[in-house]
Amino acid sequence: MLLSWAIVAACVLIGLIFWWRATGGAKIDLTNSTASHEAVSDDGSAPAQPSASTPLDVPPGDTILLGTKGLSVEVKNFYRDAAGLGEGGTIFLVQNSDYSISYSPAGNEFTVMVTGLPADSARAKAEADFLNRLGIAEQQACRLAATVIIPMHDGVPGQSGPFSFCSGGVQ
C-alpha cells in the first residue's frame, strides 16, 4: 500500500515538474480580473507573448474562508496578489527558483513544490512564506488540504506529505 502511494506521488510529482519547466514558470498578470491575462517576466517587464483570456473571479474582501474537514479557516485573500494562473484554474501564490505555492479551487487544496537546494532550507522558506501569505498560524495550516512535495535530488528520494510542523509532515 505504501509503495503504491509512493509510486502515485512520484508520478504526480514528475508530471508537475515537467509542466512547471515546460511553462517556464511564467507568471500571469492578475491585476485586472476581467481583462486578458498576459505572461510577464520575473522582473515585471513587458509580456513576451499573450496567454489565453481566462476570467478569474477574485473574491471580495481582505479575507476569505476555506472549508476544511468540517471546519473553516479564515485566510488573507491571496487571489489579489496571485503570481499566476495555471491549467484548470490553479492559482500560483508564488513561483521562484526555490519553490512554488499553488491553490486548486476545484479541489480546495494547496500544493507547495520545493525545488531549491538544500531542500530542508528551501522547504522551511516555503512553509514560512505560505503562513505569511495566508496570515495564519501553523495549527491553522495543518487544517488545510495541503501537500508539500520535494522531488528526488542528488540520489535522495523524493517526499510528499503535510507541512513539517503538522503530524506526519515532510521533514
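The values are calculated or read from the model by the stated rules, or taken from the named source; none is laboratory data. As the structure is a prediction and not an experimental result, all values here were calculated from the model. Reconstructed Cβ throughout: ideal geometry from the backbone, glycine too, with neighbour counts over all protein chains shown.
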Next item on the list: Looking for whichever is surrounded by fewer than 12 Cβ atoms within 10 Å (Cβ to Cβ), at pLDDT 85 or above and not polar (S, T, N, Q) here; the options are G44, G24, G107, G86. Which one fits?
Entry: G107
Checklist line | Whichever residue in region 133-171 is surrounded by fewer than 17 Cβ atoms within 10 Å (Cβ to Cβ) and among the hydrophobic types (A, V, I, L, M, F, W, C) and, among such residues, is farthest from F110 (Cα to Cα) | finding: V156
Notebook entry, point to check: Which of (1) under 30 Å from H153 (Cβ atoms); (2) part of a helix (DSSP H, G or I); (3) among the hydroxyl-bearing types (S, T, Y) does S100 not meet, given it meets every other one?
Noted result: (2)
Notebook entry, point to check: Of A137, A141, A128, which residue is aliphatic (A, V, I, L, M), under 20 Å from V73 (Cα atoms) and in contact with a Cys (Cβ under 9 Å, 6 or more places away or on another chain)?
Noted result: A141
Check: Would you call S97 touching a Gly at 6+ places or on another chain (Cβ under 7 Å) and hydroxyl-bearing (S, T, Y)?
Finding: yes
Next item on the list: Starting from region 113-142, take each residue that is outside any helix (DSSP H, G or I) and list its partners that are of a type in the set (G, A, S), counting only C-beta distances under 6 angstrom and pairs at least six apart or across chains.
Entry: M113/S100; V114/A122; V114/A126; G116/A122
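Going by the structure shown, is F130 at pLDDT 90 or above, farther than 15 Å from I101 by Cβ and among the aromatic types (F, W, Y)? Spell out the reasoning first.
Details: at pLDDT 90 or above: yes; farther than 15 Å from I101 by Cβ: no; among the aromatic types (F, W, Y): yes.
So F130 fails the test.
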Next item on the list: Determine the pairs where a residue that is over 15 Å from I136 (Cα atoms), located within region 64-92, has a partner that is at pLDDT below 90 and basic (K, R) with Cβ atoms under 7 Å apart, the partner being 6 or more residues away or on another chain.
Entry: A83/K27; G84/K27
